[in-house]
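Can you read through this structure? Questions will come right after.
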Amino acid sequence: MASFHHRIKSGRKGSAKEHAAYIERLGRYSDREDLVYAGNGNMPDWTEGNPATFWKAADTYERANGAAYREHVIALPNELSLEQNCALAMRLARELVGNKPFQLAVHAPEGSLGGITNLHMHLMYSDRVPDGIGRPPERMFARYNSERPEDGGCRKDSGGRSPMVLRDQVISTRKKIADIQNQALEEHGLNARVDHRSLREQGLQRRPERHLGPARIKGMSDSEKALFATLRATGSAGGPPRSATLATS
């Protein structure tokens, strides 16, 4: 079975443009040579198609206590070719964010253990939902005016949800991601499938794989790395019960 990993993150006002440069390996991140695909969509006309302009405006005009961006970090199935995975990344972006402004990047760093490529995507998007009203950047990120939408900012598609509703939304999103990936695998004639459920929900007894982290891996000997890679391949690289995490860059 192909691996499933998904994380949801958010960034405070003032961090969006820098994070966008990070995922697209621009500026001080240009020495990282693992970017294999970049794209964006639904950008307002005033950005002229440049996502950096959008994120700079979000950093400047978003409300002080508001998130400037949200992000999905998603592992992509190694069973697909690079070209197929890049198409899958854009498909996931369109399905997950709808008509909201977004920027995505696909990274393909070589894994620290076993030499397996850790192919994954970063999907940054705005909570601001376009409604067909043209707004300059300073107004787009203003507070929404339900009585006179043209006098306020775009409505934010977040907030006001109970913890239970948020939990259900996360589960639904994870299932949607898995379904889209499985559709792509099937379309390309592959038998591999991903499963968004926990190991317990899948009825599996093995413990989640322990996330070692770059620092710990760096301190391991070659023989220790080889042993852990073997245990990983056999599904025995567990550790104390905890949620598995995706080591991304």
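Tell me which residues, restricted to the range 93-122, are among the acidic types (Asp, Glu) and assigned to a helix (DSSP H, G or I). Walk me through it before giving the result.
Taking the range 93-122 as the starting set, the residues that turn out to be among the acidic types (Asp, Glu) are 95, 110.
Residue satisfying the conditions is Glu95 alone.
Does Met90 count as among the aliphatic types (A, V, I, L, M), assigned to a loop (DSSP other than H, G, I, E, B) and surrounded by fewer than 21 Cβ atoms within 10 Å (Cβ to Cβ)?
No: the conditions fail for Met90.
Out of curiosity, is Glu71 under 30 Å from Arg197 (Cβ atoms), modelled with pLDDT of 95 or more and charged (D, E, K, R)?
yes
State whether one or more residues within the range 6-26 are of a type in the set (S, T, N, Q), closer than 23 Å to Ala67 by Cα and assigned to a helix (DSSP H, G or I).
No, the range 6-26 contains no residue that is of a type in the set (S, T, N, Q), closer than 23 Å to Ala67 by Cα and assigned to a helix (DSSP H, G or I).
Same structure again: May I ask you to list the residues in the range 19-33 that are in contact (Cβ under 8 Å) with a residue 40 or more places away in the chain and either within 16 Å of the chain's Cα centre (by Cα) or under 19 Å from Glu62 (Cβ atoms) (or both)? So that I can check it myself, show each step before the final result.
The initial filter retains those residues of the range 19-33 that are in contact (Cβ under 8 Å) with a residue 40 or more places away in the chain, namely 19-20, 23-25, 32.
Correct list: His19, Ala20, Ile23, Glu24, Arg25.
Any residue at all in the range 188-204 that is among the aliphatic types (A, V, I, L, M) and modelled with pLDDT under 70? Steps first, answer last, please.
To start, the set of residues in the range 188-204 that are among the aliphatic types (A, V, I, L, M) comprises 190, 192, 194, 199, 204.
If we keep only those that are modelled with pLDDT under 70 as well, we get 199, 204.
Yes - at least one qualifying residue is present in the range 188-204.
Which residue out of Ala16, Ala38, Ala64 is surrounded by fewer than 17 Cβ atoms within 10 Å (Cβ to Cβ) and either more than 25 Å from Lys175 (Cβ to Cβ) or over 18 Å from the mean Cα position of the chain (by Cα) (or both)?
Result: Ala64 is the single residue among Ala16, Ala38, Ala64 that is surrounded by fewer than 17 Cβ atoms within 10 Å (Cβ to Cβ) and either more than 25 Å from Lys175 (Cβ to Cβ) or over 18 Å from the mean Cα position of the chain (by Cα) (or both).
Another question, then. Residues being over 18 Å from Gly11 (Cα atoms), in contact with a helix residue (DSSP H, G or I) (Cβ under 6 Å, 6 or more places away or on another chain) and part of a loop (DSSP other than H, G, I, E, B): count how many of those fall in the range 123-166.
4
Taking the residues in the range 53-76 that are outside any helix (DSSP H, G or I) and of a type in the set (A, V, I, L, M, F, W, C) as candidates, determine which candidate is farthest from Ala93 (Cα to Cα).
So the residue we want is Ala64.
Kindly evaluate Gly49 against the criterion of being surrounded by fewer than 16 Cβ atoms within 10 Å (Cβ to Cβ), in the same structural domain as Ser172 (by TED's automatic domain parsing) and not polar (S, T, N, Q). Quick ask: steps written out before the conclusion?
Numbers: surrounded by fewer than 16 Cβ atoms within 10 Å (Cβ to Cβ): yes; in the same structural domain as Ser172 (by TED's automatic domain parsing): yes; not polar (S, T, N, Q): yes.
Considered against the rule, which asks whether it is surrounded by fewer than 16 Cβ atoms within 10 Å (Cβ to Cβ), in the same structural domain as Ser172 (by TED's automatic domain parsing) and not polar (S, T, N, Q), Gly49 comes out as yes.
The values are calculated or read from the model by the stated rules, or taken from the named source; none is laboratory data. If you're wondering where the values come from, they're calculated on a predicted model, not measured in any experiment. Note: ideal-geometry Cβ built from the backbone for every residue, glycine included; neighbour counts use all protein chains shown.
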